[in-house]
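Visitor: I'd like to ask you about the structure that follows.
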């Protein structure tokens, strides 16, 4: 596993095609990993698509343009500084592809990022490029620049597509899901990368099945961390009786919202007292959940919060008696891990990486995925026993604090870089590593943003 000697500083260029720190785990990943890298003494740059990430002030962010036609209606085009730029080939392709239901953002970003990297490389001379999930053709152009290219693949998009197709309501929705996912591009790019990092053994097995890569060759497992300073128990926090917290993008069918709400409808029939707090977008922006709430008569038992800050989310965890993650698949499962770190007893499923994070019957409780009856029984068990909640809450906190730190994740990621960076240029010793459990702490506002 060649490469240069350990204990050298690395100049890192991270890639983030959609810089949202509050939607899914990808923004969280870049935020905490970059923060740990600069704490270790490395130089970190991020090429970010919109919305621009708010990162540690020691991280330099380079923005790349995207019209984001998939999310923005065409009527907003006039609000752009130079709307006529839609006529450039890449922008026009992005516009045209969205009109037929495709999601070209990863494709378009990869070429924009490659162009930006070529400009930056003249002055910054990066040691390694690390992509976060987009796996676009532009990565192959970056390899042509002579740079080692590593990518983190949280899970194959083929899993998303399979789950979406399985729950498609009809031929039109089936066709839309078939067009939406850029899996052919990822099939071509992934085997050609120098290393692929993933965040669990379950995800690694899925990647090995989806692509011609293996753990004996270019695939490496590095677990995510959890901010145990932000997410922690508070003995003085008041628990709201019967409060269950569920954090997810419920429009993603594999997050299991349907099965959780069906389980709660079963408990409602049994006269169980509970109230679900669902952390997602505003209720008016959701399609799936409002219909299910009406179907099962749960409107008065469920509150949809809209987007929350990390501080608000941490406080909500601490006020909850129970957390539930009913996903049909998770490459890691940040909401479950954050709830455990907060001392909240957590119910999840046996799907994906949950069994690697949660020890069933010890630090949490696992049920079969897609089984509302088993889920309802587990919820009833925990809501009915305060001592059980206390024991599992403490065990969950201990599990996360002892195994899943961002410092450990950063050090293991640097070790992957060292496999592919050839010995060259600098030989500056890294500062001595801090103790394993040094808190990460909240991120300061970004001030190192460099626009295109």
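Visitor: What helices (runs of 4 or more DSSP H) lie completely within region 318-430 and have 2 or more residues being within 30 Å of residue 143 (Cβ to Cβ), in contact with a strand residue (DSSP E or B) (Cβ under 8 Å, 6 or more places away or on another chain) and in contact (Cβ under 8 Å) with a residue 24 or more places away in the chain?
Guide: 406-420
Visitor: When you check residue 141 against the structure, is it in contact with a helix residue (DSSP H, G or I) (Cβ under 7 Å, 6 or more places away or on another chain), buried (at least 16 other Cβ atoms within 10 Å of the Cβ), more than 30 Å from residue 402 (Cα to Cα) and modelled with pLDDT of 95 or more, yes or no?
Guide: Yes.
Visitor: Scanning region 244-254 for residues that are under 12 Å from residue 336 (Cα atoms) and crowded, with 24+ Cβ neighbours inside 10 Å, which turns out farthest from the chain's Cα centre (by Cα)?
Guide: So the residue we want is 245.
Visitor: Can you name every residue in region 289-307 that is crowded, with 16+ Cβ neighbours inside 10 Å and in a loop (DSSP other than H, G, I, E, B)?
Guide: Scanning region 289-307 gives 296, 298, 305.
Visitor: Would you call residue 30 closer than 17 Å to residue 58 by Cβ, assigned to a strand (DSSP E or B) and modelled with pLDDT of 90 or more?
Guide: On the way: closer than 17 Å to residue 58 by Cβ: yes; assigned to a strand (DSSP E or B): no; modelled with pLDDT of 90 or more: yes.
No: the conditions fail for residue 30.
Visitor: All but one of (1) at pLDDT 90 or above; (2) under 18 Å from the mean Cα position of the chain (by Cα) hold for residue 191, so report the exception by its number.
Guide: Status for residue 191: all satisfied but (2).
Visitor: Which of the residues belonging to region 314-332 are within 15 Å of residue 279 (Cα to Cα) and modelled with pLDDT under 95?
Guide: Within region 314-332, none qualify.
Visitor: Report those helices (runs of 4 or more DSSP H) wholly inside region 181-288 carrying at least 2 residues which are closer than 25 Å to residue 131 by Cα. I'd like the intermediate steps shown before the answer.
Guide: Values: elements: 183-189, 201-210, 257-269.
The qualifying helices (runs of 4 or more DSSP H) are 183-189, 201-210.
Visitor: Oh, and also: Considering (1) part of a loop (DSSP other than H, G, I, E, B); (2) at pLDDT 90 or above; (3) within 18 Å of residue 184 (Cβ to Cβ), say which one residue 58 fails and leave the rest.
Guide: Status for residue 58: all satisfied but (3).
The values are calculated or read from the model by the stated rules, or taken from the named source; none is laboratory data. Keep in mind it's a predicted model, so treat the numbers as computed, not measured. Cβ coordinates were reconstructed from backbone atoms using ideal geometry, including for glycine residues, and neighbour counts include every protein chain displayed.
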